[in-house]
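Since every read-out is calculated from the coordinates, none of them should be taken as a lab result. These numbers were taken from a predicted model, which means no experiment stands behind them. When we count neighbours, we look across all protein chains shown, and the Cβ atoms used for this are built from the backbone with ideal geometry, even at glycine.
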Amino acid sequence: MKKKMFNSLGLMSGTSMDGVDLSVIKSDGYSKIEYLYDKYYEFDDNLFSQLIELRNCVNSTKDLSQYLEKIKNVEKTFTLFNSSIVKDIINTTNIKLDLIGFHGQTILHLPDEKISKQIGDGHLLSQLTKCLVVNNFRQNDLMNGGQGAPLVPIFHDLISQKLIYDFNLEYPMNIINIGGITNVTQIIKKDDLNHNIFAYDIAPGNCLIDQWLRKKSDKKIDENGELAKLGKVDKLIFNQAIENFEIKSIKGSLDIKNFDISFVKGLSLEDGCATLTKFTAFLISEGLKTVDKENKFKTKNNIVCGGGRKNQSLIKDINKFLGEKEIFLNNIDNYKLNGDFIESQAFAYIAIRSFLDLPISFPNTTRCKKPTKGGSLIKNF
């Protein structure tokens, strides 16, 4: 029997907090997908500042209560922004939406306490857009013993099938997302989602570099790694940093608040950027080696997506640390996929799976006890 296809819109705002990636896909929630629309919407300076300030304030469950009024105010502004960009798509395209996957903006992630707080009012978004909204993707996973992240591996598996059939790549395959945090999905072979997909948060991604630039300049990102190229790595600080810092397990989820940049505070803008870039590259390369050791593979197909893939200095350093000619990072854009919108496309896809009551996380992706469904369906119109 032919499965129904849904037009689903995904909204994703990541740890960079600079804007929202919006994607529209057509999919059955299983193996079929068409990519209909992708667009990035940048936050204005006011909303950007409010989000950064809020995340800096909220560091514990107690803070969620203490700053409740502030959270509500920023949430409303954030939701209105998301509503306006959805309406833009509705008004300027002929796409009729069935669902909106609304991830929201993470301000606190404490998986050991079963808490992952995303701001974003699904009821208000549904009311304003007159669409079904799916949100609250992480809570079920947390309640089932999972880390609440990463959730995108189910979509990475779908992408891997295209890479295998259209470009003759082979399993096992790593799909590496370098966003604020770097996560890896290792796909051993097709099908069996419960046993053949493994996922890990392995290292910081762009978060340390972004944090440094925002502290020391008016820049938000190191475009193409240009600032790092101008700087000189402080070898003493770098060596001390890699000696003193250790990610104890790749089986837990990571958050931007797990890291700090105080160890480069005495350096110039460029030297700090170069040192943090090399430090990040080292941790990513070590994480990739650990993933292969964990599953006893030597993965040659390493496909990289997310904003960090554009940072040439970072990618060059990672490849250098990996140190083998046949093992290096391949940009997902080389395979006719847009590496900027993988996560927003993923949450459009996950929204469909949630609507169909299908699992979105698995024991080997988030450490949940069993394949777990997730997402709350909201109709408020």
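What does the C-alpha gyration tensor say about the overall shape of segment 62-126? Classify as rounded when a/c is under 1.5, otherwise prolate if a/b is larger than b/c, or oblate. Don't skip to the end; give the middle numbers.
Values: a/c = 3.80, a/b = 2.03, b/c = 1.87.
Prolate, because a/c is 1.5 or more and a/b exceeds b/c.
Roughly how big is segment 153-335's charge dipole about its Cα centre, with Cβ charges of +1 (Lys, Arg) and -1 (Asp, Glu), in debye to the nearest 20?
It comes to approximately 240 debye.
Based on the alpha-carbon gyration tensor of segment 76-206 and its eigenvalue square roots a ≥ b ≥ c, which shape applies: rounded if a/c is under 1.5, prolate if not and a/b is larger than b/c, or oblate?
oblate
Helix hunt in the chain: which complete DSSP H runs extend at least 27 Å axially by C-alpha with mean Kyte-Doolittle at least -1.0?
Going by DSSP H runs, the hits are 68-92, 269-295.
With a ≥ b ≥ c the root eigenvalues of the C-alpha gyration tensor of segment 153-335, is it rounded (a/c under 1.5), prolate (a/b larger than b/c) or oblate?
Because a/c hits 1.5 or more and a/b exceeds b/c, segment 153-335 counts as prolate.
Could you work out [θ]222 nm for the chain from helices alone, using -39500 (n - 2.57) per DSSP H run of at least four and dividing by all its residues? Round to the nearest 500 deg cm²/dmol.
Calculated at 222 nm, the ellipticity per residue is -12500 deg cm²/dmol.
If you take every DSSP beta bridge fully contained in the chain, what fraction is antiparallel? Give it as a percent rounded to 5.
Percentage antiparallel, nearest 5: 70.
How many angstrom separate the Cα center of segment 199-230 from the Cα center of segment 56-99?
Computed from Cα coordinates, the inter-centre distance equals 25 Å.
Taking the dipole about the Cα centre of the chain, with the C-beta of Lys and Arg at +1 and of Asp and Glu at -1, give me whichever of V133, I176, I119 is farthest to the positive side.
After comparing all options, I get V133.
Under a point-charge model restricted to the Cβ atoms of Lys and Arg (+1) and Asp and Glu (-1), what is the dipole moment magnitude of the chain relative to its Cα centre, in debye to the nearest 20?
For the chain, the charge dipole is close to 820 debye.
What pairs from K219/K316; K76/K310; K117/K278; K2/K39; K289/K320; K70/K216 go past 24 Å between their alpha carbons?
From the list (K219/K316; K76/K310; K117/K278; K2/K39; K289/K320; K70/K216), the Cα-Cα distance tops 24 Å for K76/K310; K117/K278; K2/K39; K70/K216.
Based on the mean of other Cβ atoms within 10 Å per residue, sort peptides 280-289, 93-102 so the most packed one is first.
280-289, 93-102
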